[in-house]
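Asker: First the structure, then my questions, so here it is.
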Amino acid sequence: MIGLDLSGADLSGGIFQESWFSNAQLVGTKLIGADLYRSDAEGADFSGADLTRASLVRANLDDAVLRGAVLDGADLVKASLYGVDASATSLRGTRLMGASLIDVDFRGSDLSQAIVQENTFKVIVDETTKFTGMSGTLFGPVQLITRESKKEISGTELERWLRELGGDVQVLDRRG
């Protein structure tokens, strides 16, 4: 399915384990409750797609576009997200456990109630990114972009900042 255009399709509940969605167009596609276990969606465009409660366990989403997508309650355990545009994405209650999130743009996204566990979390956020009820553990740093500046926050400063925003996240220290 490399480069396939499934924009606007309703694939809800579909079983797509170990499928190839590389560079696929999935704009506005409904994948509610779909199973994409170990699927490769590198470079796929999921803009505005509905992946509510989808299983993306061990999925490769490197260089994908998730702009404005809904991933509420989705399972992204051990998923790979490198260079992903996830701006204005809803990830309410999403499980991001053991996932690698590197250079992911979460500006304007909602990570309320998301669960993280030992995640690489080198992401870009802004003042509108929501973390209310987010819980677990992660490795930073986070790049915070505000109107006035751009700065990297990590360690106890990141932990304190997330708590101020309603999250309960422990920032782990990488040693050795």
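The values are calculated or read from the model by the stated rules, or taken from the named source; none is laboratory data. Everything numeric here is computed off the predicted structure, so don't read it as measured data. Here Cβ is always computed from backbone atoms with ideal geometry, including for glycine, and neighbour counts include all displayed protein chains. The area values use the complete protein model at the heavy-atom level, side chains included, leaving out ligands, DNA and RNA. Shrake-Rupley method; radii C 1.70, N 1.55, O 1.52, S 1.80 Å.
Asker: Would you mind finding the one in Gln117, Gln113 that is of a type outside the set (Gly, Ala, Ser), at positive phi and either modelled with pLDDT of 95 or more or open to solvent by 30 Å² or more (accessible area, probe 1.4 Å) (or both)? Explain how you work it out, then say what you get.
Answerer: Numbers: Gln117 fails: at positive phi.
Among Gln117, Gln113, only Gln113 is of a type outside the set (Gly, Ala, Ser), at positive phi and either modelled with pLDDT of 95 or more or open to solvent by 30 Å² or more (accessible area, probe 1.4 Å) (or both).
Asker: Return the total of residues in the stretch 135-169 being farther than 13 Å from Asn119 by Cα and either touching a strand residue (DSSP E or B) at 6+ places or on another chain (Cβ under 6 Å) or not polar (S, T, N, Q) (or both).
Answerer: Taking the stretch 135-169 and keeping what is farther than 13 Å from Asn119 by Cα, we get 143-168.
This time we only want the ones that are either touching a strand residue (DSSP E or B) at 6+ places or on another chain (Cβ under 6 Å) or not polar (S, T, N, Q) (or both), so: 143-145, 147-148, 150-153, 155, 157-168.
Looking only at that region, the number is 22.
Asker: Does any residue of the stretch 158-166 turn out to be part of a strand (DSSP E or B) and either farther than 22 Å from Ala69 by Cα or open to solvent by less than 30 Å² (accessible area, probe 1.4 Å) (or both)? Before you say what the answer is, go through the steps one by one.
Answerer: Narrowing the stretch 158-166 to residues part of a strand (DSSP E or B): none.
For the stretch 158-166, residues part of a strand (DSSP E or B) and either farther than 22 Å from Ala69 by Cα or open to solvent by less than 30 Å² (accessible area, probe 1.4 Å) (or both): absent.
Asker: When you look at Gly3, is it open to solvent by 10 Å² or more (accessible area, probe 1.4 Å), more than 15 Å from Leu76 (Cβ to Cβ), at pLDDT below 95 and in a loop (DSSP other than H, G, I, E, B), yes or no? If you could, list the steps in order and put the result at the bottom.
Answerer: Numbers: open to solvent by 10 Å² or more (accessible area, probe 1.4 Å): yes; more than 15 Å from Leu76 (Cβ to Cβ): yes; at pLDDT below 95: yes; in a loop (DSSP other than H, G, I, E, B): yes.
Taking the combined requirement at face value, the residue satisfies it.
Asker: Name the one entry in Leu96, Leu101, Leu144, Leu138 that is outside any loop (DSSP other than H, G, I, E, B), closer than 23 Å to Ser12 by Cα and out of contact with any Cys (no Cβ under 6 Å at 6 or more places or on another chain). Write out each step before concluding.
Answerer: Working: Leu101 fails: closer than 23 Å to Ser12 by Cα; Leu144 fails: closer than 23 Å to Ser12 by Cα; Leu138 fails: closer than 23 Å to Ser12 by Cα.
One residue alone meets the criteria, Leu96.
Asker: If you go through the stretch 120-132 one residue at a time, how many are part of a strand (DSSP E or B) and open to solvent by 80 Å² or more (accessible area, probe 1.4 Å)?
Answerer: As a first pass, look at the stretch 120-132 and keep what is part of a strand (DSSP E or B): 120-126, 130.
Subset that is open to solvent by 80 Å² or more (accessible area, probe 1.4 Å): 122, 130.
Residues flagged as part of a strand (DSSP E or B) and open to solvent by 80 Å² or more (accessible area, probe 1.4 Å) within the stretch 120-132 amount to 2.
Asker: Considering every residue within the stretch 70-77, establish whether at least one is closer than 18 Å to Ala54 by Cβ, open to solvent by less than 70 Å² (accessible area, probe 1.4 Å) and not in a loop (DSSP other than H, G, I, E, B). Steps first, please.
Answerer: Pass one, the stretch 70-77, residues closer than 18 Å to Ala54 by Cβ: 70-77.
Next, only the ones that are open to solvent by less than 70 Å² (accessible area, probe 1.4 Å) stay: 70-77.
Going one step further and asking which of them are not in a loop (DSSP other than H, G, I, E, B), we end up with 70, 75.
Among the residues of the stretch 70-77, at least one is closer than 18 Å to Ala54 by Cβ, open to solvent by less than 70 Å² (accessible area, probe 1.4 Å) and not in a loop (DSSP other than H, G, I, E, B), which makes the answer yes.
Asker: Exactly one of (1) crowded, with 19+ Cβ neighbours inside 10 Å; (2) under 23 Å from Phe121 (Cα atoms) is unmet by Ala34. Its number?
Answerer: (2)
Asker: Could you tell me whether the stretch 41-52 includes any residue that is under 18 Å from Ile115 (Cβ atoms) and buried (at least 19 other Cβ atoms within 10 Å of the Cβ)?
Answerer: Going through the stretch 41-52, the residues under 18 Å from Ile115 (Cβ atoms) turn out to be 51-52.
Now drop any that are not buried (at least 19 other Cβ atoms within 10 Å of the Cβ), which leaves 51-52.
Scanning the stretch 41-52, I find at least one residue that is under 18 Å from Ile115 (Cβ atoms) and buried (at least 19 other Cβ atoms within 10 Å of the Cβ), so the answer is yes.
Asker: In the stretch 87-105, how many are closer than 15 Å to Gln117 by Cβ, among the polar types (S, T, N, Q) and in contact with a strand residue (DSSP E or B) (Cβ under 6 Å, 6 or more places away or on another chain)?
Answerer: Selection size over the stretch 87-105: 1.
Asker: Can you find a residue that is of a type in the set (S, T, N, Q), in a loop (DSSP other than H, G, I, E, B) and open to solvent by 40 Å² or more (accessible area, probe 1.4 Å) anywhere in the stretch 19-30?
Answerer: So in the stretch 19-30, the residues of a type in the set (S, T, N, Q) come out as 19, 22-23, 25, 29.
Checking the rest, the ones that are also in a loop (DSSP other than H, G, I, E, B) come to 19, 22-23, 29.
Of the ones still in play, those that are also open to solvent by 40 Å² or more (accessible area, probe 1.4 Å) are 23.
Scanning the stretch 19-30 turns up at least one residue that is of a type in the set (S, T, N, Q), in a loop (DSSP other than H, G, I, E, B) and open to solvent by 40 Å² or more (accessible area, probe 1.4 Å).
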